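The values are calculated or read from the model by the stated rules, or taken from the named source; none is laboratory data. In this text the structure is predicted, and so the values were computed from the model without any measurement. Note that we place each Cβ from the backbone using ideal geometry, even for glycine, and neighbour counts take in every protein chain shown. These area figures cover heavy atoms from the full protein model, side chains too; ligands, DNA and RNA do not enter into them. Shrake-Rupley method; radii C 1.70, N 1.55, O 1.52, S 1.80 Å.
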Amino acid sequence: MRVAVVIPTCDRPDLLPRALASVAGQRRPPDEVIIVNDGVRPVDAPGARVVRSGPYAGPGAARNVGADATRADVIAFLDDDDEWLHDYLSSVLPTLDSADLALTSFIKEGSGGERVFEKVPPTTLHGADWVIRNQGLRGSNVVVRGDTFRRLGGFDELLSCGEDMDFAIRAAEARVSYRRVAEPLVVYHAHDGARLTSRGPRHRQAHRTWLAAQGDRLGPDQVAAYRARTQELFGVDPGPPPSLVWILGPPGAGKTTWAKGHARGTDRVMDVDEILFWRDGADLGVRTAKRHLASMVRSVEEQRPVGDRRLFVTAAYLDPEDLGVLGSREHVIGIVPARTQWIARIERRDGYVHAAHAEEHTKWATRWGIGARAADAVGEAGA
């Protein structure tokens with residue numbers, strides 16, 4: 001059984017050595033160590049292979065890039081600010097003789113060095129248990145068979161928060177065989193440095209994207225509980241689950257794939273690329289026509305009862321400013337893959353990269369950034 005360790009890191013060179021030392025100290029050493037650099041600063045990791053994502057593509061994308069870089073039988077993920085105890089791999093790997101996914105309990109270490117027993121994953125996976133709070137799957141305690149990880153599609157790269165909860169939900173729905181290791185063998189470090197869970201306004205965008213993906217699973221009481229928990233932890237209210245979701249970005253970004261992956265029941269996906277294959281240039285009438293199209297879609301969807309069904313609108317030639325002011329039940333997601341990943345995806349799909357597509361990617365990457373943060377600047381009406 002070949003084992004690869006995947007460690008995403010993002011401009012935290014002071015923390016990474018501790019994680020690497022914990023891997024090097026394993027009683028059962030891994031066969032391969034892959035560092036995924038999602039930042040801009042160089043990474044020094046002797047004995048490990050360094051690959052790139054992003055920059056700043058996000059945790060899901062970084063882990064997926066690392067998983068794509070190996071064909072090991074088993075993939076073990078570790079965040080750069082956490083560490084494993086010496087018996088981690090030797091204790092967890094035997095569980096995969098009869099399972100495809102294993103989760104391990106956590107110890108939490110505070111800034112003063114004190115350690116407490118912190119989180120125990122559940123004995124069985126039930127998707128409904130994960131829609132409000134994380135039950136014990138994080139980036140440092142996941143060990144999964146490589147073929148299972150690929151069959152599940154990896155982590156959702158659009159979710160800059162909750163990608164771990166989403167992975168657990170999809171694993172439960174796919175009936176992935178699962179085992180829990182109750183012994184706490186992973187150390188979660190609480191520190192004052194930058195981390196994904198740090199408070200900030202970006203959490204509104206991140207948690208509305210989570211609700212766009214999973215909100216139809218939640219009843220009214222669960223929605224209220226989710227909003228209250230997000231307010232308590234991150235200081236923002238993500239609002240109600242969006243019923244009209246605009247998914248924008250360059251051609252080949254994966255917009256329709258993401259929408260179809262999250263559309264359930266009576267949800268609909270509208271691909272409007274064909275009628276939007278226009279170049280703005282100096283013709284202001286084109287932008288006016290786009291805004292009229294957005295208003296027309298909005299006026300129809302606003303007439304539907306709350307919770308009726310969702311509409312995902314995917315478009316490559318529609319910019320966030322073409323939408324006008326969003327209503328409280330709307331949300332905008334922008335997908336801009338890193339250029340190397342985007343080129344590979346386009347070439348697999350079309351066989352070549354069209355000049356107009358390349359121009360559109362450059363525009364999005366320059367104006368809105370890489371990853372799922374592309375639409376952050378779009379204003380949304382209050383809930």
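List of remarks:
- Annotation note: trypsin sites (Lys or Arg not before Pro) in the stretch 1-82 located in DSSP loop regions with a Cβ neighbour count of at most 16 within 10 Å are 2, 27, 71.
- Carbon plus sulfur fraction of accessible area for the chain, probe 1.4 Å, in percent: 54
- Listed by chain and number, the aspartates and glutamates placed with their C-alpha closer than 19 angstrom to that of residue 260 are 156, 157, 163, 166, 173, 216, 271, 273, 274, 301, 308, 330; residues fewer than eight positions away on the same chain are left out.
- Label point distance in nm, residue 309-residue 133, each placed 7 Å from Cα along Cα→Cβ: 3.5
- Between residue 175 and residue 296, the modelled labels are 4.5 nm apart [label points 7 Å from Cα along Cα→Cβ].
- Computed extension length for residue 183-residue 117: 22.8 nm, one decimal, from 0.36 nm per residue of separation with the Cα-Cα distance subtracted.
- Fully extended contour minus Cα-Cα distance, from residue 217 to residue 90, at 0.36 nm per residue: 42.0 nm
- Residues of type lysines that residue 119 reaches as a straight line, Cα spacing below 19 Å, ignoring anything fewer than 8 places off in the same chain: 108
- Looking at the chain, the accessible area is 43 square angstrom per residue; that uses a 1.4 Å probe and ignores ligands, DNA and RNA.
- Compactness of the chain, taken as the C-alpha radius of gyration over 2.2 N^0.38 Å, stands at 1.01.
- Whole-number percent relative contact order across the stretch 5-94, with pairs defined as alpha carbons under 8 Å at least 6 apart: 42
- Between the listed residues 112, 96, 127, the Cα displaced farthest toward the positive end of the dipole of the stretch 79-151, a dipole computed from Cβ unit charges relative to the Cα centre, is found at 127.
- Computed per residue of the chain from DSSP H runs no shorter than four, each worth -39500 (n - 2.57), the mean residue ellipticity at 222 nm is -9500 deg cm²/dmol.
- A probe of 1.4 angstrom, applied to the heavy atoms of all protein chains, finds residue 68 with accessible area near 100 square angstrom.
- Among 48, 231, 286 - extreme Cα towards positive end, dipole of the chain, charges at beta-carbon: 286
- Under a model in which nothing but the beta-carbon of Lys, Arg (+1) and Asp, Glu (-1) is charged, the chain shows a dipole of about 380 debye around its Cα centre.
- In this view, the solvent-accessible surface of residue 165, computed with a 1.4 Å probe and all protein chains in place, comes to about 20 Å².
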